[in-house]
Amino acid sequence: MTVPLAKHPDVKKLRVKQKWRPSLAMIIFAVLTTVLALPLVGLFFFRLYDNQLLHQTQAELIAQSKVLAVIYAREVEAKGAGIPLGAPLAKGAQPDPADRFAPIRPALDLASNDLLARRPDARPPSAPPDPAYLDIGARLQPIVDETQRVTLAGFRLLDPNGTVIAGQQEMGLSLAHIEEVAEALQGQYRGALRTRVRDKPPPPIYSISRGTGVRVYSAMPVIVSGRVAGVVYLFRTPSNIFQHLYEERGKFILAALAVLAVTMVIGFVFLRTIARPMHELIQRIAEIGRGNRDAFRPLSHYGTREFALLSGSFLDMAERLSDRSDYISTFAAHLTHELKSPLTSIKGASELLLDSIEQPDGGLTDAERKTFLANILGDTERLEAMAHRLRDLARAENSQQSGSTAFEPLLGDLRSRFPKLTIETSGKLDYTIAMSAENALIVLSHLIDNAVRHRATEVNLDASAIAGAAKVTVSNNGDAISEQNRDRIFDAFFTTRRDSGGTGMGLAIVQSMLRANGGSIRLLRPDRGAAFEVQFPIV
């Protein structure tokens, strides 16, 4: 027992599982929103902006400390040779006199391991500072105070032993045990990033930015005569990202509006070029499923070249399948009608013959039996001819577009098949058509056979070339086609010679074979007989 396809258990496996899936518009919206949020994600989660503010703060501290270091060095030099100096510079730390520029670039980074613990507290010095350095500190204190008022940075001026000689706090205490200060006392600049202990809790939103919880330190050595004369030690909290954004709010609002406008334009382009044509195609598919023949019309908007090709190919395929379905339905109805008559005749004659055998006295005469048997044989031959024609039609419908041939070899085969018919040729016959010799011979043989059955004695093949095709006009001097039959001659099973054994499938086979190979056929209006224009694709 066969299982209907719709009820087959494997068919349900082939269907798309019903579950929630995002729409195309939802995916586009999510992608655009993600792209729009990427700058903010970079600011807050990748600390790009925090690092930029850190570099800016360190660069400012380097510039300020270097200026003070130069002033500090001039004060030391003014004291003369009696002032004590610190450690000599190592060979690798001595600047090259030939280098005009020796910039110190900020390199602190929140993303690396540069963040140190809170700065250790100052300690009592191992020895009191030299009075000469205390005098220098007193002379530089007004400069430190005025600079701090503007820059808001913390200042500590240290002597060669790391003792504070100028600054707002920690006067007379030692900072030599701090890492960056210890390295500066050896003649090397050192910057540091340390955890900041706030005087009061910050607003909650500030906790998003790590820049508010750190402090930048800069230890610049003071070099005199190749030795360390002291250290300019500066520190400052970097600018808060929210404060900076607020200060530059006009620019950021314009940038946000520009990004939003570009995102909306991109979204509109996606909507118009992808989402809208796709929704229209889905609607057309639903209309085709309901049997609406108007749904095969082109879409109102395609959006992209690829979607235009896709939708055009799909609608063409759907239209061909619909035409094929209509053709199969019509063909099945015609075939049932054509088979019904001979089968009914065979059945009736067989029943009468059977009755005559069972009733010999009241049976049929020998002449009547011969007549019924002749009718059975005639109907059987008609069914056999119809079966051959159905096989040829199926072969034409499924013909493969392969092979090629020229007209010249076909003419000899045609003359050998129809020896009593005069076949004349004209025009240019040296074209090579994109159809196998067997299929081309089927087309021409059926056309000539149809002419012979309509009492034609001459057939003319006139060949010429048109755009990409070879046009062959097949005309004959047989019976003309009546006006009322012109629209039906290519229909399967339509024939005017049913009594003489015509099946009405010859021209249907010709048309199917040509369509399958990219050709065409149409009926002309000649002065006498019948004529067909056949177009073969040229190689």
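Here are the numbers for this structure:
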{"read-out": "Trypsin sites (Lys or Arg not before Pro) within region 101-165, DSSP loop, no more than 15 other Cβ atoms inside 10 Å", "value": "Arg118"}
{"read-out": "Chymotrypsin sites (Phe, Trp or Tyr not before Pro) restricted to DSSP loop in region 77-171 with at most 11 other C-beta within 10 Å", "value": "Phe101"}
{"read-out": "Cα-based reach from Lys420 at 17 Å (exclusive), listing aspartates and glutamates while leaving out same-chain residues under 8 positions away", "value": "Asp449, Glu458"}
{"read-out": "Solvent accessible area, Å² - Thr147, 1.4 Å probe, full protein context", "value": "40"}
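The values are calculated or read from the model by the stated rules, or taken from the named source; none is laboratory data. Given the structure is predicted, the values throughout are model-derived calculations rather than measurements. Cβ coordinates were reconstructed from backbone atoms using ideal geometry, including for glycine residues, and neighbour counts include every protein chain displayed. Surface accessibility is based on the protein's heavy atoms, side chains included, excluding ligands, DNA and RNA. Shrake-Rupley method; radii C 1.70, N 1.55, O 1.52, S 1.80 Å.
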